[in-house]
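For reference, the structure is listed below as structure tokens.
A short reminder: the numbers here are calculations on the coordinates, not readings from a lab. Just so it is clear, the structure is predicted and the values come from calculations on it, not from any experiment. Cβ coordinates were reconstructed from backbone atoms using ideal geometry, including for glycine residues, and neighbour counts include every protein chain displayed.
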Amino acid sequence: MSYSALILAGGRGSRMGYQEKALMDINGKPLIAHVIERLEKVVDNIIISVRDKEQGELLDLHVPGYRFACDKYNNIGPISGILSGLSLSADEYCFAAACDMPFINQDVVKMLFKESEHHDAAIPRHDDGFLEPLHAVYRCKPIIRETKKAIDAGETILLAPIFKLNVKYVGIDEIKKIDPMLRTFMNINTYEDMQLLSNTI
């Protein structure tokens with residue numbers, strides 16, 4: 001079985017002065033390139049979700065050779081990127097992540113693909129119940145179907161379609177066995193984050 005990965009890059013980086021977060025330089029490479037390098041080791045196909053054609057053309061100059069999916073809906077957040085990106089996937093299962101997660105752990109991704117078998121999704125769940133929907137594996141057809149329904153109903157939070165799925169929730173203790181510091185979930189939201197992570201990549 002082949003697998004896909006979807007990288008969501010359509011955010012506008014409001015907390016970082018509306019810069020193109022995916023292209024911010026981390027040790028001489030665009031941030032998204034670090035994410036791609038890790039995911040290429042565990043998936044067969046990579047799709048990058050962008051907000052519009054112009055952003056896709058810009059990213060293609062820096063990370064060429066990938067498929068870009070433009071948002072069909074504007075200003076409704078990552079749920080639009082999930083729909084457009086997974087609609088391009090030819091594989092049954094797809095790992096979805098944000099473009100600002102440079103420490104994605106390949107073994108955690110492999111485990112999530114395994115846990116997703118016979119389910120519509122495999123999503124990490126913290127002890128307090130917090131979910132990681134942008135570090136999760138989805139079976140494409142069910143999540144596409146439920147996402148369309150959610151958007152049509154005006155429900156645009158990312159979890160709206162997920163709660164309609166047959167989900168395997170993966171406890172954080174299982175993930176800690178592979179990644180004790182949970183670096184796989186770390187992302188960049190501020191300049192301070194960028195500086196901190198630049199020193200550890």
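Ordering 141, 110, 21 by the number of other Cβ atoms within 10 Å of each residue's own Cβ, fewest first, gives 141, 110, 21. If both residues of a DSSP beta bridge must be in the chain, then about 35% of such bridges are antiparallel. Think of it as helices only: each DSSP H run of n ≥ 4 in the chain is worth -39500 (n - 2.57), and spread over all residues that comes to -9500 deg cm²/dmol at 222 nm. For segment 4-198, averaging the sequence separation of C-alpha pairs within contact (under 8 Å, six or more residues apart) and dividing by the residue count gives a relative contact order of 23 percent. Taking a straight line from the alpha carbon of residue 141, these aspartates and glutamates sit under 13 Å away, with near neighbours fewer than eight places off in the same chain left out: 91, 92, 120. Sorting the segments 90-102, 71-83 by their mean number of nearby beta carbons within 10 angstrom, highest to lowest, gives 90-102, 71-83. Across segment 25-49, no residue has a backbone nitrogen under 11 Å from the label position 7 Å along the beta-carbon direction of residue 58. Take the Cβ atoms of residue 29 and residue 2, set R0 to 22 Å, and the FRET efficiency comes out at 0.25.
Counting 0.36 nm for each residue step from residue 141 to residue 159 and taking away their Cα separation leaves a gain of 4.8 nm. Computed extension gain for residue 148 through residue 174, at 0.36 nm per residue and net of the alpha carbon distance, reaches 6.2 nm. Label-to-label distance, residue 114 versus residue 126, with points set 7 angstrom from Cα along the beta-carbon direction: 2.6 nm. Here are a few candidate values for Cα Rg over 2.2 N^0.38 Å: [x] 0.95; [y] 1.16; [z] 1.11. Which one was actually calculated from the structure I just gave you? It is the value labelled [x]. Exceedance of the 32 Å cut-off in Cα-Cα distance is limited, within the set 148/176; 114/148; 72/177; 29/53; 53/148; 21/41, to 148/176; 72/177.
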